[in-house]
Each structure stands twice: as structure tokens, then as C-alpha cells.
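Mind having a look at this structure? Questions to follow.
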Amino acid sequence: MLELVLVSTLNGVLYGMLLFLMASGLTLIFSMMGVLNFAHASFYMLGAFFGFQISQLVGFWPGLILAPILAGFIGALIERYGLRNVHRHGHVAELLFTFGLAFVIEEIVQMIWGKLPRDYRIPPSLDFSAFTIFSTNYPAYKMFMLLFAIGIFVALLLVLTRTRVGLIIQASLTHPHMVGMLGHNVPRIFMLVFGLGCALAAVAGVIAGPALVTQSNMAALLGPILFVVVVIGGLGSLSGAFIASLLIGLLQTFAVAVNLSISDIFGVFGIHTNPLPFLSDIWRVTVAQIAPIMPYLLLVLILVFRPTGLMGTRDT
Amino acid sequence: MKFGWHAKLAGALALVAIPFVVPVSGADDTIKIAYVDPLSGGGASIGEVGLKTFQFLADDLNAKGGALGRKFEIVAYDNKLNAQETLVQVQKAIDSGIRIITQGNGSAFAAAISDFVTKYNERNLGKEVIYFNYAAVDPVLTNDKCSFWHFRWDANSDQKMQALTNYMKDRKNIKKIYLINQDYSFGQAVRSAAVAMLKDKRPDVEIVGDEMHPLLKITDFAPYIAKIKASGADSVITGNWGQDFALLVKAAADAGLQTDWYTYYAGGTGGPTAIKQTGLNHRVFAVGEGIPNLGYGPADEFEKAIRAKYNFSLFYPRAVNEMRMLQAAIEKAKSTEPTKIGAALEGMKFNVYDGGEGMMRADDHQFIQPLYISSFGERSAKEPFDEESTGWGWKLAGKIEAANTVLPTTCKMSRPAS
């Protein structure tokens, strides 16, 4: 039992950190421009495919640096020549723009790399088990993912709170006009933040690609859950995104481990037959089976009872 | 030059309309078979292999003269592993004049096609469409929901589980079993058959876990593996296919899970690579209608040919039987009319791909054939073929004669009046 709890905690934190790498960029972009970037998970996918391609040519480690830069550069270009023009027509147009962009990127990825999963390998230097808890091996690569994600989080936090650049970004979040009056180029800050957000998503892609599956549907699989993280954490809140990512990572991992069903709960009170026979399917469904929809249930509850999210300051 | 808005609108409309203007195929006289399976998303890896296998088979038959002097042609349709999209694609195939449909991945979609085709044929006499199922194994398709227009070449889930549990009956090292399956009609059929048959054949064995997970949506099985580990299971039974098998075993390898595996589809894309990573030498078993390394001459020749052309091994001996029997049925009926093909197939006896005789049972359109249990691991001189360049290959562990795979059916077939 203790083994299951420990391993599940590790897995949950790891999944949570991966979510955070993506959610942090998404939430930054939202708090600056007020637009939910539907194509955000697509940059995660681009990161994985760029990483795969670069690893084929020069190895995994250069890919870890180059792929996010490339994806961030593309993100910045899209902001400069696409989103900025659309911005004039209001938020709905921006939303539709990013929505379309997600499909365009998916199609392009399919055209270049095909629809089959690509064989993106873990670097040999990390292909061993780091340690053994009871009898379960924990792969070194997963440990690396975890530490790398935490490193990025700390770096991001330091940049935003301790440096001049961070100050200007934070100021543009709340008082863009005043920052502009003071002589800063606010549109350029927007562009840089958009690029940075995309690069962060791409970092997640590069490190998750070898551990999970590098395939053209990977954006569609992770996209919806990102919005759940951002809304639960509170739109625009970095610390909120951090807490929500970990919460959802742990929630999903532990839900899988729980075999409780409604019939078990009633069983505790001595009721062993289903009082409503037409609901027999629901009667037997276990928590593990509904694990994938738990985050969405949480999303609905949060929106009902705390529309600003856990750490947010404004209404979603 | 300036265009008025009318001209611009007309131009725009013309652009939009282009994709819908499909050239009507005229005199080309091929026998077309619509392949409706996932070619994108989580099922793409398996759908792509199936498509290439069918194309290879069509080429193979065409080189030998096709049927009635006509060539076979496979036309691919992507059903995106979605029931709605499956029917849209089947309708599209029918609209373009195709009257033979084949599909295999996903029993839920197979049921949808069988139902759709049956209803379509009632309304469109003389334009009937026939459906060949090469891999969807939910027993219901040849029992309560059977149809004259549906033919299945794969052994159904109950037949496979019967073969697996008969083999497990004598393996005394099995004490605790964990079931993990995909949460849809097929996975449920596997788990309920496993529970019922184990209770009957091995009442001493304890089922320590009974897991259902979403179909082809999970990218990290680590939480499930942690749970299997915690249960203390020594063996796992799974019907998982495609990436759901490969990723499950990959996660098991990462965590160092050491159990025996009793599977339906361990040979699918990525499966052998993942098994090699676990280091479980001849501890992963699969049941099926054939494997490489059986030492049957004609099959070995075919295996060499397909490996020479593609970088995969033959995963679908059942597809070979399907295509060859289609050819035989057309020759026998002297017609490509689905009604006549169907009638010719009923009760047809056929020498199957891996040797031995199979029979398309007329009662329910379930193909009855010899089944094999095999294990994956290091090879001896008798096993020339390896899988996915792992060096490991399949080895025969037990053969079940066709007669011993027969299970009763509840099907009450209604046939078209002729």
C-alpha cells in the first residue's frame, strides 16, 4: 500500500510538472493579452517533433535547447504577423484565430512527419533506473523530467519577480498603457511573452516526447486538460497554475489507483443490492474508470463555486 | 482588371465546390474493397499496417490473375476510430460504387457497420453491400447481433479466451491474476469471458484486479502499472491492442514489473519492442490464428515476401484468409454480386494460411480455424524470424485444432430471399 502511495505520488507530481510547463505559458499569455491560446498545446507537439528531428541529426541534448528556441521563434512570428493584426477585431477574432491555428499546425505536422508515432528515444545516458522504491524501479529519465521542470519553474519565478524584465512584464499585465507611456514598447513585450510561452510548451514537448508518444494527435490529447489547469488555478496566475497542475496530476494518478464504486460505498452501510436496477452501469463504475473525467468535474465545480479560480483575481 | 462582387462570389463558390466534383470512375474494371479503419490518431499505427497488408494481398492475388480476370483494388477510408465517422466513411464508399467493405479495429465500430449494412441492404435490393470483418472480435457480432452480410475471419474473443485459459489451466505457477482491458464492448467481452472461464477451470486462482481504462487515450500507463505491482499479481491478462498494448508494456518495463502476460495482440506495432525492454523471456503469451516460425513452407515464403517489401511482419494471417477466400468465393459464384459472394462463402472449407483446414460456419458466419498459443523470446534454430529487429521471436507453445475451438452460437440468421 505504501509503495502504491509513494509511486503514485511521484508519478502524479511528474505529470503535474509537465502540465505546469505548458500551463505557465498559457496563463502568462492570457494575463497579458486576455486571449486564451487554443493552439498552445500545438506548440507542445511542435516541440516534440522538432526535438525528435534534431535528435535524429545531432542528438537529444542539442534538441533540448534548439527545439524550444525554434518553436518560440515561430510563436513570436505568429504573434507579430498574425495575432497582432487580428487583435484589432477583438477577443472573439483572436480566439477563432488560435482555434484555426491549432488545426493548421496539426495538419502541417501530419504532412511532414505522418500520422504514425515517431520513434523518439530517451538519450542513452539517461536510460537506466535511478532508484528502486520497495520493488519498483524509477527510471532516471523521469527523474530528469521532474528536476528539469522544477528548474524551469524556479527560473521563471526568479525572472518574473527579481529582474527588470520581469518587472516590466508584470507592469504590462496590469497597466499596459502606463508602461507604454513610460517609453516601453508594449507590443514587443507581448510578442516576446507569446514566444516565451510557446517555447515553454515546446520544452514540455521535448522532454515528454520520448517518455510518452510523439504523434500528431498529442496536442489534441493534452489540449483540453490545459484549459482545466488554467481555469482552476485562476486565469493569469502563475502560482495558481502551479498548484492546479500538481492538483490535477495527483488527482488523476490517485484516481486510477482507487477501486471504489458506488456499490462499495453503499456496502459500508449494509446495502448490497442495487435499489435502482436501471442504473446498474453506474452502480458498478469505479473511481478508476472515471479518472479521466475527474479534472473536468473539478472544472465545473470550480466555475460554480469559485469563478476566479484558486488564486485568480478576476472572473473567468 | 476589376471584378465585381458577383464575380468574386462566383469565384469563391467555384473554389469551395472543387473538392466535391469527384471524377466518376468510368471503365476501370477492378473489384474494389473499401478499407475503413483508423489512419490518424491513436489507432493509426495499427490501421496503417492493416492497410499495407491488404494492399500487399491484393497485389499478390492480382499477380496470380485476380478473380474472373479482374484485379482487386483496396481503397482506404479513415474512420478516425469514431462510430459516427465510420458510418460516414462507409456511406462515402458505397456512394462511390464500392460494395465490399472491410474493417477490423474496434468491435463497437464493427457493430455499427454490420447494423448499417444490414439496414442499407433491406432498402436497396439489388445494390447490396457485404462487410468482411478481419479483427473485431466481440462475440455478439456472430451471436445475438449476427447478420447475413457480416463475415468474421478472426476467432472471436470467447474462442481466444477459451484457448488461453485451457493453456493456463496446467500452468501451476499462476496464483494471482490481474485483468486490464480497454473500456468498450471488446474489453468488456474479454474480462467477462476471463472471469467466467477462470472460475470454471482454475477456481484456486485469485483475480486480484479487474481494470478498465479508456480506449487509445492513455499515453502513460505508469499509474496502472503501480497498481498491478501493488496487487501482487503474478500474471496479467489483457486484450489491449495497438498503442494501448505497447505503452502498457513499456510502462511495465520502466517500472521493472515481472509478471507473466497472457494477451491477444502482443504482436502489434511496438509490442515486441516493448516486451524486449521488459526482459521477460518467453513469459509473454499470445493467442492467434498464426505466427511466423511455425515452419510451414508456403507461409514462410509469404512472410519473407512481405518483410522484403515493408519493415513489418505479417500481423494478420486472418486477412490473408479473408482475401484468398474472397477470391475463391467470386470464382465459385462466377459473380461479384455481394449476395452471391455471401452465399458462396457460407460453409466454405479452405486451406488456411498457416496450414490446416478452416471453415466459414454458415450458422453465424464465424470462421473456424486452428489457433496457436505462442510465447515471445530468444530464438533457436527452428525460429528463423525475429520481430521489429529485437532479435527475439515467436515460438509455438501450443496448438488448438479447429474442432476444439468451436463454441455454440445463439445466432438466428435471416437470409435474403433468392
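The values are calculated or read from the model by the stated rules, or taken from the named source; none is laboratory data. What you see is a predicted model, and the numbers here were worked out from it, not measured in a lab. All Cβ positions, even for glycine, are placed from backbone atoms using ideal geometry, and neighbour counts span all protein chains on display. In case anyone asks, the SASA skips ligands and DNA or RNA and just uses the protein heavy atoms, side chains included. Shrake-Rupley method; radii C 1.70, N 1.55, O 1.52, S 1.80 Å.
Name the pairs whose Cβ atoms lie under 9 Å apart, with the first residue in the stretch A:1-29 and farther than 18 Å from A:MET218 by Cα and in contact (Cβ under 8 Å) with a residue 60 or more places away in the chain, the second open to solvent by less than 30 Å² (accessible area, probe 1.4 Å) and basic (Lys, Arg), and 6 or more positions between them or separate chains?
A:LEU4/B:LYS227; A:SER8/B:LYS227; A:LEU10/A:LYS142; A:ASN11/A:LYS142
Identify, please: which residue in the stretch A:1-35 is at the interface with another protein chain (Cβ under 9 Å from one of its Cβ atoms), farther than 20 Å from A:VAL206 by Cα and not aliphatic (A, V, I, L, M) and is, among those, surrounded by the most Cβ atoms within 10 Å (Cβ to Cβ)?
Selected residue: A:SER8.
With respect to B:ASN281, is the statement that it is more than 14 Å from every other protein chain (Cβ to nearest Cβ), of a type in the set (S, T, N, Q) and closer than 29 Å to A:LEU212 by Cβ true?
Spelling it out, B:ASN281 is indeed more than 14 Å from every other protein chain (Cβ to nearest Cβ), of a type in the set (S, T, N, Q) and closer than 29 Å to A:LEU212 by Cβ.
I would also like to ask the following. Does the stretch A:153-171 hold any residues that are among the small types (Gly, Ala, Ser) and within 24 Å of the chain's Cα centre (by Cα), and which are they?
Scanning the stretch A:153-171 gives A:ALA155, A:GLY166.
Just one of (1) more than 25 Å from A:THR132 (Cα to Cα); (2) part of a loop (DSSP other than H, G, I, E, B); (3) more than 20 Å from the chain's Cα centre (by Cα) trips up B:LYS217, so point out which.
(3)
I need a count of the residues in the stretch A:100-114 that are touching a helix residue (DSSP H, G or I) at 6+ places or on another chain (Cβ under 7 Å) and at the interface with chain B (Cβ under 10 Å from one of its Cβ atoms).
Qualifying residue count, the stretch A:100-114: 1.
While we're here: Can B:ALA266 be described as touching a Lys or Arg at 6+ places or on another chain (Cβ under 8 Å), open to solvent by less than 10 Å² (accessible area, probe 1.4 Å) and either closer than 16 Å to B:GLU387 by Cα or more than 8 Å from every other protein chain (Cβ to nearest Cβ) (or both)?
no
Kindly evaluate B:ALA308 against the criterion of being of a type in the set (A, V, I, L, M, F, W, C), within 27 Å of B:GLY393 (Cα to Cα), free of Cβ contacts under 8 Å to residues at least 60 places away in the same chain and open to solvent by 10 Å² or more (accessible area, probe 1.4 Å).
yes
Next question, about the same structure. Return the only residue of A:VAL203, A:VAL230, A:VAL256 being under 18 Å from A:ILE150 (Cβ atoms) and hydrophobic (A, V, I, L, M, F, W, C).
Criteria check complete, one pass: A:VAL203.
Considering only the stretch B:157-194, how many residues are out of contact with any Asp or Glu (no Cβ under 6 Å at 6 or more places or on another chain), open to solvent by 10 Å² or more (accessible area, probe 1.4 Å), assigned to a loop (DSSP other than H, G, I, E, B) and not hydroxyl-bearing (Ser, Thr, Tyr)?
Going through the stretch B:157-194 one residue at a time, the tally reaches 5.
Specify which of the listed residues (B:ASP200, B:ASP210) is assigned to a helix (DSSP H, G or I) and either more than 21 Å from B:ALA135 (Cα to Cα) or within 10 Å of chain A (Cβ to nearest Cβ) (or both).
B:ASP200
Could you pull out every one of the helices (runs of 4 or more DSSP H) wholly within the stretch A:156-242 that has 3 or more residues that are surrounded by 20 or more Cβ atoms within 10 Å (Cβ to Cβ) and within 14 Å of another protein chain (Cβ to nearest Cβ)?
A:186-211, A:218-233
Ok, one more. Give the number of residues within the stretch B:237-257 that are in contact with a strand residue (DSSP E or B) (Cβ under 7 Å, 6 or more places away or on another chain), in contact (Cβ under 8 Å) with a residue 24 or more places away in the chain and within 9 Å of another protein chain (Cβ to nearest Cβ).
2
Could you please give the count of residues in the stretch A:47-79 that are open to solvent by 50 Å² or more (accessible area, probe 1.4 Å) and hydrophobic (A, V, I, L, M, F, W, C)?
Of the residues in the stretch A:47-79, 10 are open to solvent by 50 Å² or more (accessible area, probe 1.4 Å) and hydrophobic (A, V, I, L, M, F, W, C).
Just need a number here: residues in the stretch A:131-149 that are of a type in the set (A, V, I, L, M), within 11 Å of another protein chain (Cβ to nearest Cβ) and without any contact (Cβ under 8 Å) to a residue 24 or more places away in the chain.
Qualifying residue count, the stretch A:131-149: 1.
Check off (1) open to solvent by less than 20 Å² (accessible area, probe 1.4 Å); (2) aliphatic (A, V, I, L, M); (3) more than 10 Å from chain A (Cβ to nearest Cβ) for B:LEU215 and give me the number that stays unchecked.
Among (1) open to solvent by less than 20 Å² (accessible area, probe 1.4 Å); (2) aliphatic (A, V, I, L, M); (3) more than 10 Å from chain A (Cβ to nearest Cβ), the lone unmet condition for B:LEU215 is (1).
This table checks each residue for (1) of a type in the set (Gly, Ala, Ser); (2) out of contact with any Gly (no Cβ under 7 Å at 6 or more places or on another chain).
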{"position": "A:ARG188", "(1), (2)": "no, yes"}
{"position": "A:ALA202", "(1), (2)": "yes, no"}
{"position": "A:ALA208", "(1), (2)": "yes, yes"}
{"position": "A:LEU212", "(1), (2)": "no, yes"}
{"position": "A:ASN217", "(1), (2)": "no, no"}
{"position": "A:LEU222", "(1), (2)": "no, yes"}
{"position": "A:GLY240", "(1), (2)": "yes, no"}
{"position": "A:SER245", "(1), (2)": "yes, no"}
{"position": "A:GLY267", "(1), (2)": "yes, yes"}
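How do the strands (runs of 3 or more DSSP E) wholly within the stretch B:325-384 filter down when requiring 1 or more residues that are crowded, with 17+ Cβ neighbours inside 10 Å and without any contact (Cβ under 8 Å) to a residue 60 or more places away in the chain: which remain?
Hits in the stretch B:325-384: B:349-351, B:357-360.
Still on this model: How many residues are closer than 19 Å to B:VAL137 by Cβ and within 19 Å of the chain's Cα centre (by Cα) when one looks only at the stretch B:354-401?
Looking only at that region, the number is 16.
When the residues of the stretch B:41-83 are filtered to those that are polar (S, T, N, Q) and modelled with pLDDT under 95, which remaining residue is nearest to A:ASN217 (Cα to Cα)?
Per the stated criteria, the residue is B:SER45.
List pairs: first in the stretch B:219-236 and facing chain A (nearest Cβ under 7 Å), second at pLDDT 95 or above and part of a strand (DSSP E or B), Cβ under 6 Å, 6+ apart or cross-chain?
Taking only residues 6 or more apart or on different chains, not a single pair turns up.
Report, by residue number, each residue of the stretch A:115-129 that is away from every other protein chain (no Cβ under 11 Å) and either open to solvent by less than 20 Å² (accessible area, probe 1.4 Å) or touching a strand residue (DSSP E or B) at 6+ places or on another chain (Cβ under 7 Å) (or both).
The answer is A:TYR120, A:PRO123.
Still on this model: Within the stretch B:234-260, track down each residue that is surrounded by fewer than 24 Cβ atoms within 10 Å (Cβ to Cβ) and either part of a strand (DSSP E or B) or outside the structural domain of B:HIS213 (by TED's automatic domain parsing) (or both).
Those that are surrounded by fewer than 24 Cβ atoms within 10 Å (Cβ to Cβ) and either part of a strand (DSSP E or B) or outside the structural domain of B:HIS213 (by TED's automatic domain parsing) (or both): B:SER235, B:ASP260.
Hey, another quick one. Return the residue satisfying two criteria in turn: it lies in the stretch A:80-99 and is without any contact (Cβ under 8 Å) to a residue 40 or more places away in the chain and under 16 Å from A:GLY195 (Cα atoms), and of such residues it is surrounded by the most Cβ atoms within 10 Å (Cβ to Cβ).
The qualifying residue surrounded by the most Cβ atoms within 10 Å (Cβ to Cβ) is A:GLY82.
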